[in-house]
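Read-outs: derived from the displayed coordinates by stated rules, not from any lab. Bear in mind that the values here come from a model prediction, so they are computed numbers and not experimental data. Counting neighbours? That spans all protein chains shown, and the Cβs are built from the backbone with ideal geometry, glycine included.
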Amino acid sequence: MKNPPDFYGGENQVLWITTYCLWVGTGYNILIMGGAMGNLPEDVMEYSRLEGVNYFNEFFRVVIPMIWPTVMVGVLGSITIMFTLFLQVDLMTVNGGTDGQAMTISYMINGYVKSRDL
């Protein structure tokens, strides 16, 4: 191929990095949330079924409130990871992308350290 497609350049570079990070983090989050849901008390779940709660309401009114601390730890972890991305940005863009769109705080700090030639 003389002109291979440039998946990581142009306007879509942030979308590709975000998609990659979501794909990589999905397995971890599934394991954590599955473990939290697996440890719910069976008597509470049985009581909700005996009361006639459907699966939709059981999930949103029983399960989610009981695993809410785990959900919030996952959300906060994901937010902090967004600020510490360095390797993904470095491998998928050139100098932080077009006009620095994909730069993160850690990428800027590491770029500064590299430019000082320590």
Rg [Å, one decimal], Dmax [Å, integer] - the range 38-80, C-alpha atoms: 12.5, 41
Neighbour cut-off at most 10 other Cβ (10 Å), DSSP loop, GluC sites (Glu not before Pro), the range 16-53: 51
Theoretical gain in end-to-end length, residue 18 to residue 43 [0.36 nm per residue, Cα-Cα removed]: 5.0 nm
Cα-centre dipole for the range 11-105 with unit charges at Cβ (Lys and Arg positive, Asp and Glu negative), debye to 20: 80 debye
